[in-house]
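The values are calculated or read from the model by the stated rules, or taken from the named source; none is laboratory data. Remember, it's a predicted structure, so these values are computed and weren't measured experimentally. Cβ atoms come from the backbone with ideal geometry, glycine included; neighbour counts cover every protein chain shown. Accessible surface areas use protein heavy atoms only, side chains included; no ligands, DNA or RNA. Shrake-Rupley method; radii C 1.70, N 1.55, O 1.52, S 1.80 Å.
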Amino acid sequence: MTDTMERRALTREQLLAAYRQMRTIREFEERVHREFATGEIPGFVHLYAGEEASAVGVCGNLDGRDTIASTHRGHGHCIAKGVDVGEMMAEIYGRQTGSCHGKGGSMHIADLSKGMLGANGIVGGGPPLICGTALAAKLKGTGGVSVAFFGDGGSNQGTTLESMNLACVWNLPALFIAENNGYAESTASSWSVASDNIADRAAGFGMPGIIVDGFDFFAVHEAASEAIARARGGGGPTLIEMKFTRYFGHFEGDQQTYRADEVEHARAELDCLKRFATRVTETGELAQADLDAVDAEVAAAIDQAVDDAKAAPLPTEADLLTDVYVRY
Amino acid sequence: MGDAIAGIVANPLSGRDIRRLVTQASVFPTAEKANMIQRMLTAFAAVGVHRVLLSTDLGGISAAVFRAAGRRRAQAGPGPDTGWPEVEFLDGRPIRQTAEDTVDAVRRMVTAGARVIVCLGGDGTARVAASAAGDVALLPLSTGTNNVFPVVREATIAGLAAGLVATGAVPAGVAVTRAKLLEARVGDRAETALVDVAVSTERHVAARAVWDPATVTQVFCAFAEPDAVGLSSILGQLSPVARGDPHGVTARIAADAPEQVLAPIAPGLVVPVGVRDVEQMRPGAAYPVDARAGVIAVDGERELTFEPGEHPTVRLRTDGPRCVDVPAVLAASARLGLLRHQLRRVGST
């Protein structure tokens, strides 16, 4: 309870940083959505728009000691953990200047210097990774916390459930963030997730499991701050289920014949950026002019990232056999 | 018997909030909520309820009952005798996974002529259901966290009691009592609470639950029982007020107040709370909120934000929901011999 008692309201700087990150993710994804349609971007992209409050609300409580593992829908997690937006865009365009020198693409953006273990094309691939980093943090006594983001589809993977078991057995400083956006590709989670609430599964492992409105930055931030403080203090892992909707299809090009008006409703009524802006201006914590200034800066930064990416060189044949193995 | 119709509304999200993380509050799995409804349906059938309206949800509760109903039909073969009343699933509207869903389901039950509505959830769910139930009798059954208002009861027994009210076998005058209500108002925004209203200095609704007494500056209670859990427990040990009393009670909360009480303000959380200015609440009078800005929590959940200049007020009202008194119903049933059963002899006419 000590951490709860000492909880303080977010500072102006923290609020501005959170808004900037959420806006950056939104702008980044809306732009990739448009650019992908031109055919210039190779491979597949899975967009995170709509889910910004989850990545930013969780990662806003993390620091340099902490690591995260992401999913195929990873751009938001990367940005929230501080990966360079220009390098990310270049990676998506497959350019030498990208986070992985253009050889990974959208689903493999990683930056170990930022504690970002990587987006992951393997559904349920992230949770085992964070058991490793969380065990390392625990044994070394760094105070670091590890966070795995995964979707409702990933929640059904054996790797995810085994990792939850392991994290509980080892009492690891770990968070399992189930981003339940309602569909695994086109399969409704209400059909595919037995027990329906992913959070319910936590009880079987003996860890706390809670549900949070994933559209509400403040709800996510508060819940994550409690779970992270608990993990840092040796209290063990927590499962947090975010309930929300993704604004775009499973991948770009998905016709989305499996859903009706929910995106329209979410954009109009539930949107995390709109709600954040309304709240902080009502309380006077930030002014509309502050938010407008961030919007303009972010738009310019994304323009720059796209221009730079398009102008950057592609990998050459000589690059084919570099970065294949890592020497530790 | 006319239309013996009952409604059941179940909140798939009750018992899932941050209190499981910060105070080790109990977990109520979806499967158990669905099981409770099934036990209740058996009880409804036993006392002659012939039609039940059930809320639908994306949490898997109505789906589990739907599957069970299908299995019973398959096992029973042709004919209507599945041992359950006819169950109508209230689908066909978008499910938003918010309190709107509960309001919508309860309204549809009222319109369809339900005589009793059983509500599965915590204090928050009961509060939302009560706001839409009008004069239809409510039986709030606990599956939430902070259960002061809903009763913790075996669902079969709750089903028997609700069924006896739905059929009219036990007269409403015996079985149903009207609860009090608190109304918190900020300008033209208002929220109701069935147990307590608390003023918090937090700025945002965020994770909703209130578990840090250092943020609370005022509490208002429709009733404050000595054995309650939740914010009303603060006054439950200092100045108890019964559910049937005509008044409520309010106080200011301050860490350095001379009067200190150990209060179970949430499951798993017994903390010292400083209390001053304890005062009876008269029905109808508007009591001002002292804080300049903050959040008003209703039945333990932050709900209404207010900013400087908005001057919120809290009123005690006596026109709360009509609630089924389970022990009173079953005592009346015993007096009237309603559950006495005649053994049918083979060959008798």
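Looking at region A:135-218, the GluC sites (Glu not before Pro) that sit in a DSSP loop and have at most 16 other Cβ atoms within 10 Å of their own Cβ are A:185. With 28 Å as the limit, the listed pairs A:138/A:274; A:114/A:138; A:243/A:310; A:103/A:243; A:243/A:274 have A:138/A:274; A:243/A:310; A:103/A:243 beyond it between alpha carbons.
Computed on chain B, with alpha-carbon pairs under 8 angstrom and 6+ residues apart, the relative contact order is 19 percent. Computing FRET efficiency as 1/(1 + (r/R0)^6) for residue A:318 and residue B:72, where r is the C-beta to C-beta distance and R0 is 45 Å, gives about 0.05.
Chain A contacts chain B over a buried accessible area of about 2500 Å², both sides summed; the probe is 1.4 Å and only protein chains count. Let's test this: bin the Cα-Cα distances of region B:181-317 at 5 Å from zero up to the farthest pair and state each bin's percent. All Cα pairs considered, the percentages come to 2, 12, 23, 26, 21, 12, 3, 0. Multiplying each eigenvalue of the alpha-carbon gyration tensor of chain A by 5 and taking the square root yields semi-axes of 28, 24, 21 Å, largest first, rounded to whole angstroms. Computed over region A:59-116, the P(r) curve from all C-alpha pair distances, binned at 5 Å from the origin, holds 5, 23, 32, 24, 11, 5, 0 percent per bin.
Sequence-distant contacts, meaning Cα pairs under 8 Å at least 6 residues apart, place the relative contact order of chain A at 22 percent. Averaged over the residues of B:60-67, the number of partner chain Cβ atoms lying within 10 Å of the residue Cβ comes to 2.
Between residue B:201 and residue B:3, the simple label model (points 7 Å from Cα in the Cβ direction) yields a spacing of 5.3 nm. Quotient of the Cα radius of gyration of region A:191-328 and 2.2 N^0.38 Å, N being its number of residues: 1.48. If R0 is taken as 22 Å, the Cβ-Cβ distance between residue A:30 and residue A:288 corresponds to a FRET efficiency of 0.60. Model label points for residue B:276 and residue B:42, set 7 angstrom from Cα along the Cα-to-Cβ axis, are 5.7 nm apart. Taking trypsin sites (Lys or Arg not before Pro) as exposed when their DSSP state is a loop state and no more than 13 other Cβ atoms lie within 10 Å, the longest site-free interval of chain B runs over B:1-291.
What FRET efficiency comes out for residue A:113 versus residue B:292 if R0 is 41 angstrom and r is the Cβ-Cβ distance? Round to the nearest 0.05. The calculated FRET efficiency here is 0.35.
Accessible-area loss of 20 Å² or more (1.4 Å probe, protein heavy atoms, chain alone versus all protein chains) is found in region B:1-36 for B:13, B:16, B:18, B:20, B:21, B:22, B:27, B:30. Rolling a 1.4 Å probe across the protein heavy atoms gives region B:181-317 an accessible surface of 37 Å² per residue. Taking the simple approach of a point 7 Å from Cα along Cα-to-Cβ for both residue B:153 and residue A:265, what is their distance in nm? So the two model labels end up 3.3 nm from each other.
The portion of the accessible surface of chain B made up by carbon and sulfur, rounded to a whole percent, is 52 (1.4 Å probe; DNA, RNA and ligands excluded).
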